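The values are calculated or read from the model by the stated rules, or taken from the named source; none is laboratory data. Model, not experiment: these values are computed from the prediction. Neighbour counts are summed over all protein chains in view; Cβ atoms, including those assigned to glycine, are modelled from backbone coordinates with ideal geometry. Surface areas here come from the heavy atoms of the whole protein model, side chains and all, with no ligands, DNA or RNA. Shrake-Rupley method; radii C 1.70, N 1.55, O 1.52, S 1.80 Å.
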Amino acid sequence: MLELERKLRANDREYNLSFKYATNAIKTSKYNFFTFLPLNLFEQRFSYACFLHQVIPEISSLSWFTTVVPLALVLSVTAAKDATDDINRHRSDNQVNNRKVQVLIDGKLRSEKWMDVQVGDIIKLENNQFVTVSARSWSRSRSTTHRPHFGQTFPLLLLSETNLKVRQALPVTGDLGDDVSKLAGFNGEVLCEAPNNRLDRFAGTLAYAGQKYALDNEKILLRGCTLRNTEWCFGLVLFGGPETKLMQNCGKSAFKRTSVDRLMNVLVLCIFGFLALMCTILAIGNYCWELGEGSAFTLFLPRQNGHDAAFSSFLTFWSYVIILNTVVPISLYVSVEFIRLGNSFYIDWDRKMYHSRSDTPAEARTTTLNEELGQIKYVFSDKTGTLTQNIMTFNKCSINGKTYGEETGPAERKQHTETVDFSFNPLADPRFTFHDHALVEAVKLEIPEVHAFFRLLALCHTVMAEEKKEGQLSYQAQSPDEGALVTAARNFGFVFRSRTPDSVSVVEMGRQCTYKLLDILDFNNVRKRMSVIVRSPEGKLSLFCKGADTIIYERLHRSCAKLMDVTTEHLNEFAGEGLRTLALAYKDLDEDFFLGWQRRHHEASVAPHQREAKLEQLYEEIESDLLLLGATAIEDKLQDGVPQTIEQLSKADIKIWVLTGDKQETAENIGYSCNLLSEEMNDVFVIGGNSPDDVRQELRNARGSMKPGAAEDCAFLPARILGKSAQAIADEAVNGDFGLVINGHSLAHALDRSMEQDFLRTACMCKAVICCRVTPLQKAQVVQLVKTYKRAVTLAIGDGANDVSMIKVAHIGVGISGQEGTQAVLSSDYSFAQFRFLQRLLLVHGRWSYLRMCKFLRYFFYKNFTFTFVHFWYAFFCGFSAQTVYDELFITLYNLVYTALPVLGMSLFDQDVNDAWSFQHPQLYVPGQLNLYFSKMAFFKCALHSCYSSLVLFFIPYAAVGQAARADGRDVADYQSFAVLTQTCLLFAVTLQLGLEMSYWTAVNGLFVVGSLVMYFAVTFTMYSNGLFLVLPSAFPFIGTARNTLSQPNIWLTIGLTSILCILPVVSYRFLLAWMGLSISPTVLERGTGRRLSSCVVDVDFLPRRRFIVLRLREPTTERASGGGGGTRSKLKPHEASPGLGLPG
Amino acid sequence: MAKAKSGPLARRPDNSAFKQQRLPAWSPMLTANTVLPFFYFMAVICLLLGIWLLLTVQSVQEIRMDYTDSGACAHCHDLRKNVSNAALICTCKLYFHVDRPLKGDVFFYYGLQNFHQNLRRYMDSRDDAQMVGRKTNLKKPSSYCKPFATNDKGLPIAPCGAVANSIFNDSFKFQYLGSGSSDEPVPLWRKGISWYTDKNIKYRNPQMDNLSLAEVFHGTAPPPYWHRPVYELQTHDAINNGFINEDLIVWMREAAFPNFKKLYGILQRTNKPFESGLPKGNYSVEITYNFPVQYFRGRKQVVLTTLNWFGGPNKFLPIAYLITSCLVLLAAIGLTVVCKE
């Protein structure tokens, strides 16, 4: 029965057990020792049909082993892989389940395993400990660093979030303290909601001692969080194991499949259809034959049990299903998995994606999505911690019209100027650096504005300080910006030491003073400012305010006009450098006015109606006529190589959308500083409307100015075959580069059903999109929107818990394993330490994986189709009797032994161009986005090619030896000789074809190719040897065939001829491509044109009509020849960098 | 991987060429300098091969005669239309003239057209274990042989199966009419016409244990269409009798296609006038006409041919090489033209 409500009683296991709530043990593994075999076999049910109808003798055109051996191998390989995966899951489950936690049992605290914790238990958590269960916070320690009365709340670090989340115990339970006997006697009853996955809300009530208390989100500790700022905390377990919010959130992560997978499924269906068609044709053929020739032949071969022609053709149909089922090879899926696994290992092993500072190698957490990395069209990136390091540094400031801080860029700064010496200040933070001595001098000279500036920074904030040892301060801030500002003030001699709810202790230039904190007008998104009202030790009453410059400017006193102009200039300068700016202002308050204001404030804060509005008005009133002090500029340091990476990715035609929780200005600044937005852009649209109509209008206007006369209704792409989702919106071409910035409110409207297509069209016309102030849910919605309406592959990259939703929604989720926790990493498919590794992941690993997978699929289908079609042609000569062309042993081993390794080798080692060249020409990534290397068209071409090859492979041997004889007159036109001949021809043809496909011959590839051929001959001669025949005469009827056949010159002449005819068209075609410059390999380019790369400029063109990437060489001086392609969107800019093969950046 | 590593770079991946995908490799390239010479070279090679093979094949002589219902054999053909006449012996004679002497070894084939030896059920209908002389299989033929596994009386058939049952049972007497009218039999080797491996390994008579062949085969029945049991196929030659009778072996090697020819004998070149092959003149072949072909609209032929190292007179391969050579040349020229532009 569905649980609607949860009822539990503290310290009463028996009562709670009666509800059968889930225990805290988690289980992510799928099998156990006994269920593995049946379950796993059930899951891999493919090809059972083939196996089953092998048993019916009438239609078993092949011996049982031809199907059973490959099937068994495939099943066991898959089972082995599943088993190792599951063992790993078991191991991690065990590790989690066996962690220790202190549980209050029978009045005593006992150390128990996590999995033994029950709902209703009281557990004790300690600082920095993971929270095991969804528990209600109970009582917290009276920590020594804080005053006791401050202790009703304690901040809690939500795992992988920077933000501390404040959690607070109910006073009634808080009073219980850490008195174990009192806690043991506690018998409150909790009635709360059923388990769900909403992290941000909770509803329940606690009944204790006849009273009812409300429980909300503020009182709940969630599994996966870490406890901070308190030594301990007691909690009551509400949900356990699979019912916790964390597990509910990540339990059913959608199974991701790649677009190649989906295409493959469609193709396999098509192939099945095609197979049915072939079998039908052959069955009809058999019917006709049986009516004519067959009935005459009954003298020599009587019909079985009186089957007539119709029944015989029915049986033939199924026999041919068995014979021709190699068009749908069962080993395909296993090979694909294997290749993906191999390519995932390369990601794990890549040194260039290893971050030595954090000792983090890249990790492919999902091994089934590799080739999709080569097809990414949209990248959705978090900002903080992903693009930036999430380390804020106080970089510049403007005080009373004078700027301080270095003018030079960050790179030069380190080398040219020495850092400021803060040794005068014993409380200074040694990690803080500043590069302008003038500011220290100004402080030392006691310039009043400068002092006021830093005093404001030391007072106006919500940071909490922790002083573990005398003089060793550490700050814990809700936002890193604040931390940076307070740290700056600390180093310049205004040290914030501690706070109580009504006072702030500061050391001002070595002098200890305590300010009375009268009020905090806190920050929120609308106000965009915060103020404090303090009374100085001298008794002076002042208001300090810091906030967004635009907001502060509106509230300045008229006298500041001149300063305002100067400061504005500075602010623009700062913003231009991508710094986060804040304006600072203050005001001395009149005692009487303040008293009156305070009274009204109190009234308003208890007002039953319109409390918000009234408070707002009061704040407005007191935050007016401010005096400007200056402005601060904080650098949110970009991670290394971010601008270069973004430039590279956009050259690869990847669109980057930044989804950030930051405010618009910050996001825009970062956009500029990481090259996402640039001054050269024709326009950057800012969508900030508050009503749906505004937003719609703004979107339309933006679209209108990008593409005048754009159609109002979207252009849809033609519906996909078997497409289940909404229609896809076509890409629209625009002239010029545009950017779009949209904020959270507008986004909420834009994501509405009625407007989402408008939004998407506009956004997709822009080169860069920045969404600010978005919630985790909106992040996921944006990704989902693009996924729904665009036939494009999306990638989401982020580092925090708020990115988890989008990481899960996107086709590929990438987690940055940074300083912050692991939740994003845990739900990601790939993880590494730095954003810049993304370009290597996509442009190198992704590209190669995609290329390899496509080459593999094309070749695999080719070789199997060729193999199978020969049977089809032979049917016309053997009375459609389902006689195979090849020896059954060959059929068994063809896919498993003779052709398996070379193609695997190719798909593990092949490189069309090396990594340096991929970096040099990110445009080479484009074919992947357009699915050029493996599509229905490519598949169709493959099938046609196979058809040609199979015609050659059947009819040339047929004509050559059909009537031939050996030099000694003996038989060479017999069935067995023909089988050996054809299979040898086939093997040579497909091996040569592989050789042509392969563009990177390592020793291993050579070994595999030659080894497979050698293996073929070795196995063939062994299987056809006297010894084996004498042991099992009926299993090895081909005795002596190899010896007798392969010693004949005309057999080898036939093999040679088929090989030439099979590769001739391919070589010509490839050569034409290469010669016309339709090749991307640098060496081909060099040799093909006879010019040296170093003396030429390489142009990369994409010819959309012809679906080729073209590289052209030209003399640096000559004008670029106008490329074909007709100037559509995909026309890429020429590569303007200087020639050579060096790594960019 | 060394798991025991510790220190700041403990998790750094190995710097091996394999793991970093930097294995030394050869990247073959299709450039004008490699492809065009290769194409021209291939064209020349194919051309030379084609010409050489054509000349080789030209030297092969073949005489092919259909005797299904021609001339004297027409009455036999009609006779065989009725199954009830199967026991009646019918012979006919085929006369022909050799204009040019057939030099060297001359091979005598019988040819069948439209006979599907390659039907799946037909090909499966045999028991290799029985024919290699396994006594258990001799008495208990494989179920694949059905319905020719046991006869009406339940006796096991040896050799069992449709293949053996349908053996081609015409026999030929080849005669040289010389210049005069004196008939001189043309001696044919009737042994050495099958693969060595078939004759010596794949087919063996059951172990004799001092018994005669007939006694070994006691308790078995001949295939229903046979006139003689298997141990009387060649009574005067023990090593060509039973399962190792070469006519049987040749027949048991099923043809890949419905039109085929099978070796019947090789000219004995020990005596005059056949020391250097068949001299020109008139010949006759006396045919014991047993094998009915009209049921399946088949044709029967006698083929006389000389052979050389390349094999038979099949002109396909030389011509195919010549055509291929042209194709390669055309492609090469086309590519050259394209490249020069």
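Brief remarks follow.
- Gyration tensor verdict on chain B (Cα atoms; rounded if a/c is under 1.5, prolate if a/b is larger than b/c, oblate otherwise): oblate
- Counting only residues at least eight positions apart within a chain, or on another chain, the lysines with an alpha carbon under 23 Å from that of A:LYS108 are A:LYS100, A:LYS124, A:LYS182.
- B:ARG204 accessible area, assembled protein chains, probe 1.4 Å, Å²: 90
- Student exercise, chain B dipole from Lys, Arg, Asp, Glu Cβ charges, in Debye to nearest 20: 1560
- Summing charges over all other residues whose Cβ lies under 10 Å from the Cβ of B:LYS173, with Lys and Arg as +1 and Asp and Glu as -1, gives -1.
- Extension gain from B:LYS315 to B:SER84, taking 0.36 nm per residue of separation minus the Cα-Cα distance: 78.9 nm
- Peptide B:118-131 shows a mean partner chain C-beta count of 6 within 10 Å per residue C-beta.
- 12 Å beta-carbon shell around A:THR666, net charge (K/R +1, D/E -1): -1
- Each peptide in B:159-168, A:512-521, A:742-751 receives the mean, over its residues, of other Cβ atoms within 10 Å, and ordering these scores from highest gives B:159-168, A:742-751, A:512-521.
- Charge dipole (the stretch B:63-314, unit charges on Cβ, about Cα centre) - positive-most of B:TYR231, B:VAL302, B:VAL250: B:VAL250
- Taking amide H atoms as placed 1.01 Å from N in the peptide plane, the amide H of A:ASP519 lies under 5 Å from those of A:ILE533, each 5 or more residues away in sequence or on another chain.
- The stretch A:562-626 and the stretch A:84-121 have Cα centres separated by 51 Å.
- More than 19 Å apart - percent of Cα-Cα pairs taken over the stretch A:446-523: 29
- Taken as Cα centroids, the stretch B:75-117 and the stretch A:278-327 sit 31 Å apart, rounded to the nearest whole angstrom.
- Per the accessible-area calculation with a 1.4 Å probe, the total area buried between chain A and chain B rounds to 8500 Å².
- Contact order relative to length of chain B, as percent, for alpha carbon pairs under 8 angstrom and 6 or more apart: 35
- In this view, the solvent-accessible surface of A:HIS609, computed with a 1.4 Å probe and all protein chains in place, comes to about 130 Å².
- Positive-end residue, the stretch A:554-652 charge dipole about Cα centroid, Cβ charges, pick of A:SER559, A:LEU579, A:GLY630: A:LEU579
- Mean partner shielding of peptide A:290-300, defined as the number of other chain Cβ atoms within 10 Å of each residue Cβ, is 5.
- Across A:LYS256/A:LYS779; A:LYS779/A:LYS936; A:LYS637/B:LYS19; A:LYS377/A:LYS651; B:LYS191/B:LYS315, pairs whose alpha-carbon gap is larger than 21 Å: A:LYS779/A:LYS936; A:LYS637/B:LYS19; B:LYS191/B:LYS315
- Counting heavy atoms of the protein chains alone, A:TRP114 has an accessible area of about 10 Å² for a 1.4 Å probe.
- Apportionment of accessible area to carbon and sulfur, the stretch B:63-314, percent (1.4 Å): 51
- Amide proton proximity set for A:ASP799, modelled H, under 5 Å, gap of 5+: A:ILE816
- Highest to lowest packing among B:292-300, A:675-683, B:108-116, B:83-91, scored as the average C-beta count within 10 Å: B:108-116, B:292-300, A:675-683, B:83-91
- Relative contact order [Cα under 8 Å, 6+ residues apart], the stretch A:278-390, whole percent: 20
- As computed over the stretch B:201-326, the Cα convex hull volume per residue (Å³): 213
- For B:LEU233, distant residues with modelled amide H under 5 Å away: B:GLY242
- Each part gets one Cα centre, and for the stretch B:314-331 versus the stretch B:1-60 those centres are 27 Å apart.
- Only helical runs count toward this figure. For chain B, summing -39,500 (n - 2.57) over DSSP H runs of n ≥ 4 and dividing by all residues gives -7500 deg cm²/dmol at 222 nm.
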